[in-house]
Amino acid sequence: FVRERVSMTLIIVLIVIVVLAVLVIGIYNRLVALRQNANQAFADIDVQLKQRHDLIPNLVETVKGYAAHEKGTLEAVIQARNAAVSAERTGDPKAMGQAEGVLGAALGRLIALSEAYPDLKANTNFQQLQAELSDIENKLAAARRFFNNAVGEYNTAREQFPAVMLAGMFGFGPREFFDVGEDSRASMDAAPPQVKFN
């Protein structure tokens, strides 16, 4: 009778251990999948940012031909682009988001110049570059939404019970959202510069 009890207890303990092992493996695999999803989404943002950064010098050169005395605006765009490229090398979504927000605001001011220069606005090269930039901006916005959604799912999964007890132990730290920042968002939402002809 004692022998049966010991073997029954041993079987129960083994079943509990197996169930816990399966649970831990399931949690680990889910966190890995969500982290990979976030990594892929970040890579999609990176591709769009590279295309945007490559397009900007052509846009600046085109504008420079028509609005050379707008040197301050052109330099601000180039500085913002260079800062965004440097931030991209860090791989830090927060730094990248802030740098991209500043670049977006500078690009908005550059595009607004076309209103003051009808010849520039009519230039087919400028129109093509502006259309490409608009397309990239749309893709970039979609990629950011997808990345932030993936990060939200990952962060939620790692903070839920029982994953929260295992996430740190397995090296699953929190991820940062790709946010352009409040200051950058405010400057992008600011009214465009007024163009007046005397």
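The values are calculated or read from the model by the stated rules, or taken from the named source; none is laboratory data. For clarity, every value in this text was computed on a predicted model and none was experimentally measured. Positions of Cβ are backbone-derived with ideal geometry, glycine not excepted, and every protein chain shown enters the neighbour counts. Please note that ligands, DNA and RNA were not included when accessible areas were found on the heavy atoms of the full protein model with its side chains. Shrake-Rupley method; radii C 1.70, N 1.55, O 1.52, S 1.80 Å.
Brief remarks on what is shown
- Members of region 158-176 that are acidic (Asp, Glu) and either assigned to a helix (DSSP H, G or I) or open to solvent by less than 80 Å² (accessible area, probe 1.4 Å) (or both): 159
- When restricted to residues that are under 12 Å from residue 62 (Cα atoms) and open to solvent by 90 Å² or more (accessible area, probe 1.4 Å), region 105-126 contains 3.
- If you go through region 140-156 and keep only what is within 15 Å of residue 180 (Cβ to Cβ) and open to solvent by 60 Å² or more (accessible area, probe 1.4 Å), you end up with just 145.
- Filtered residue count, region 1-39, keeping only those that are touching a residue at least 60 places away in the same chain (Cβ under 8 Å) and open to solvent by 90 Å² or more (accessible area, probe 1.4 Å): 1
- For region 43-64, filtered to residues that are open to solvent by 60 Å² or more (accessible area, probe 1.4 Å) and of a type in the set (S, T, N, Q), the residue that is nearest to residue 120 (Cα to Cα) is 58.
- Here 132, 137 are screened, and the one residue that is over 17 Å from residue 180 (Cβ atoms), in a helix (DSSP H, G or I) and open to solvent by 20 Å² or more (accessible area, probe 1.4 Å) is 132.
- The combined condition, being assigned to a helix (DSSP H, G or I), open to solvent by less than 70 Å² (accessible area, probe 1.4 Å) and free of Cβ contacts under 8 Å to residues at least 24 places away in the same chain, is not fulfilled by residue 84.
- Criterion (surrounded by 15 or more Cβ atoms within 10 Å (Cβ to Cβ), touching a Phe, Trp or Tyr at 6+ places or on another chain (Cβ under 8 Å) and modelled with pLDDT under 95) met by exactly one of 67, 95: 67
- For region 103-116, the criterion of a residue being assigned to a helix (DSSP H, G or I) and in contact with a Gly (Cβ under 9 Å, 6 or more places away or on another chain) is satisfied by no position.
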